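Below is one structure, written out as structure tokens, with a few remarks after it.
The values are calculated or read from the model by the stated rules, or taken from the named source; none is laboratory data. Values in this document were obtained by computation on a predicted structure and should not be read as measured data. Here the Cβ positions follow ideal geometry from the backbone for every residue, glycine too, while neighbour counts run over all protein chains shown. Heads up: the accessible areas ignore ligands, DNA and RNA and are worked out on the full protein's heavy atoms, side chains in. Shrake-Rupley method; radii C 1.70, N 1.55, O 1.52, S 1.80 Å.
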Amino acid sequence: MSTGRESTLPAELVEMAAKVIDANRAARLRVAVAESCTGGLVSAALTEIPGSSAVFEAGWVTYANESKVSLLGVSQDVLETFGAVSVAVAWGMAQAAIKRSNADVSVAITGIAGPGGGTPQKPVGTVVFARARRDGNPEEITADRKDFGDLGRGGVRLQAALCALELLMPDAETPPGP
């Protein structure tokens, strides 16, 4: 898909974003994202596509824990208990994106891109995703943890953004979280 100029983003990311925009436009759905480790990469990919404003409702980049609390209302207790890279935090971020927008579907991304910050339990390359629907039951958690491995900071962020875009497809499903 031509964006009218050369993109600074990887071609595979722009191509996936175009699919997300086209599929959600056809389904008459609006989407939102709450990003942490991807730092706005998903939002950038979506807005690279002409006409994306018909589908892309809102995006939050909440890199710091304080921003997750102040901008999205993620509980400080949840952050302290489970850590930023957890199903609980990702689910809170996804739910907040639905509540704070007019979107029909939201995806949240939180993870450890590296090169530092990993632990034996959550090594570099660990990314947690959550998907919420406006008409969904907030008690039924839809989340998944992916371990991309140490692909380098850019590699982890790219794989996380691609996965998040896949989750924004109208027919996307993720396995229930733990």
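Remarks
- From the list Ala94, Ala58, Ala26, Ala88, the lone residue that is crowded, with 23+ Cβ neighbours inside 10 Å and either at pLDDT 95 or above or on the phi < 0 side of the Ramachandran plot (or both) is Ala94.
- Count of the stretch 124-147 residues which are assigned to a loop (DSSP other than H, G, I, E, B) and open to solvent by less than 50 Å² (accessible area, probe 1.4 Å): 3
- Here Gln121 fulfils each of the conditions (1) open to solvent by 20 Å² or more (accessible area, probe 1.4 Å); (2) out of contact with any Ser or Thr (no Cβ under 7 Å at 6 or more places or on another chain); (3) touching a residue at least 12 places away in the same chain (Cβ under 8 Å) apart from (3).
- Any hit, the stretch 154-167, residues being farther than 19 Å from Gly40 by Cα, β-branched (Val, Ile, Thr) and either crowded, with 21+ Cβ neighbours inside 10 Å or touching a Leu at 6+ places or on another chain (Cβ under 8 Å) (or both): no
- Number of the condition not met by Val74 [criteria: (1) over 23 Å from Gly152 (Cβ atoms); (2) of a type outside the set (Lys, Arg); (3) part of a helix (DSSP H, G or I); (4) touching a Gly at 6+ places or on another chain (Cβ under 9 Å)]: (3)
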